[in-house]
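Heads up: the structure comes next, in structure tokens.
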């Protein structure tokens, strides 16, 4: 493409992002301006919900980050033990597991009728409290965030130069001295960013709190927004809740950017084989206990999902028309969202690169920065907030439940943009650097260049981004929870309905099916990523 055409290719995706976010904010502002006595909405209920949102996020961060430090250090101190690679792969599974699937596993394990309840009754004659309320929310958040934090801390420890490990061994440093002088300086640098990232994820948690919250006493801002629109139909209340949610997420994102944290990058873990360590017997025993407990905590809900799902009547579920329609709807919407996300990502990446080539050695201009970071603005506004804005904006003009497919595809596609761009941009920039002068000298441009030059090296990254975006959309419950109905149901929405009607066996079977679909897509993405890395090397 000519430079002008490539820049124009990025204008449409940027306009869509601005329209989607701006339309949601406009709807909320219009509703807020038309609300009589809106200051009365900032009452004790709103402050109670805000306080609980911050409290559960702070506790979840504490319970996730502190054990993650011990787990990461234990894995770093034993770089070559059998099973280490499997453990790291298992720690990556929660990143691709839909929250509602994890909620089913946690309820099946920790619920009042879960697997642990009769054990506690037999051993201690104690009535098991169950997993609803704050305890269930904390367990679920730690399940998701402890493995992620451990991988991030481990990635930080892997940056310690090998000569520092050798020097600590030569000086005869014990475990505590090595931690103080070698490991803690690195961990201390990574700690604020990791803790901030976990805190933001817990502040914006929706599905976990919706399924495990257990009533008004355990409700966060996002769940309160959903309840205000779907059950109470109180748009004014939803606007007030959304305003507070936006302030919290914007503040959290600002703090994260101050620490230089990437919200879209994953922890690639180089396995250092040149480390010189001589852990003592007690240290080896302690580290083994830490790793075993972490594996048990992370692995048991996943095993429970499989066990509970296999215990359901899968043959009957597979024959239900509702399941067929929900599966077809989920796959269709996820495919459309992933296709749109990858297409928009290509447009933004191509336009940014064209502007970079045009400016040469100068500093990036505003337009280039918008093409590069414009997609990041969606991280400030959670999906439920965007859905709420469009819900109140369109409710007086159309039947909002009839446009559910459009809203689900649009929001999920834009929400996956930062992750898709993170995958596509490095590959496209590398291909452009190799071929730019050749294309200019031969006069190759337009779609001929896209087909013959740009697309072949981009197939693997595009498939990786597509699989990742499709997995995110397939397990999402945020937008469909607002716009879903009996006519438009996805698998997560159907699972939530079965849970609400106490058909737990059906919910477990659906959770197993959703988990297999999402993890299958993530496995494809991982295989393509490994193949791309091998090809690049």
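The values are calculated or read from the model by the stated rules, or taken from the named source; none is laboratory data. Small disclaimer: the values here were computed from a predicted structure and weren't measured. Cβ atoms come from the backbone with ideal geometry, glycine included; neighbour counts cover every protein chain shown.
Brief remarks on what is shown
- Looking only at the range 57-68, and only at residues there that are closer than 19 Å to residue 90 by Cβ and crowded, with 19+ Cβ neighbours inside 10 Å, the one that is nearest to the chain's Cα centre (by Cα): 64
- Any hit, the range 144-155, residues being closer than 26 Å to residue 310 by Cα and modelled with pLDDT of 85 or more: yes
- Of all residues in the range 301-344, those being touching a residue at least 40 places away in the same chain (Cβ under 8 Å) and outside any helix (DSSP H, G or I) number 2.
- Against the test of being closer than 24 Å to residue 281 by Cβ, in contact with a helix residue (DSSP H, G or I) (Cβ under 9 Å, 6 or more places away or on another chain) and part of a helix (DSSP H, G or I), the options 71, 93, 101, 160 yield a single qualifying residue, 71.
- Meets criteria (surrounded by fewer than 13 Cβ atoms within 10 Å (Cβ to Cβ) and farther than 30 Å from residue 67 by Cα) for residue 334: no
- Residues in the range 227-261 that are surrounded by 14 or more Cβ atoms within 10 Å (Cβ to Cβ), free of Cβ contacts under 8 Å to residues at least 60 places away in the same chain and not in a helix (DSSP H, G or I): 1 in all.
- Count of the range 183-226 residues which are crowded, with 19+ Cβ neighbours inside 10 Å, free of Cβ contacts under 8 Å to residues at least 40 places away in the same chain and farther than 13 Å from residue 56 by Cβ: 1
- Among the candidates 46, 54, 41, residue that is over 27 Å from residue 337 (Cβ atoms), surrounded by 14 or more Cβ atoms within 10 Å (Cβ to Cβ) and at pLDDT 90 or above: 54
- Hey, residue 388 part of a helix (DSSP H, G or I), within 26 Å of the chain's Cα centre (by Cα), modelled with pLDDT of 85 or more and over 18 Å from residue 10 (Cα atoms) or not: yes
- Matching residues in the range 402-434 - criterion: being buried (at least 16 other Cβ atoms within 10 Å of the Cβ) and over 21 Å from residue 16 (Cα atoms): 427, 428, 431, 432
- Restricting 201, 241 to those that are under 19 Å from the mean Cα position of the chain (by Cα) and modelled with pLDDT of 85 or more reduces the list to 201.
Every residue, every condition in (1) surrounded by 24 or more Cβ atoms within 10 Å (Cβ to Cβ); (2) closer than 30 Å to residue 434 by Cα, yes or no:
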{"site": "344", "(1), (2)": "yes, yes"}
{"site": "377", "(1), (2)": "no, no"}
{"site": "384", "(1), (2)": "yes, no"}
{"site": "393", "(1), (2)": "no, no"}
{"site": "399", "(1), (2)": "no, no"}
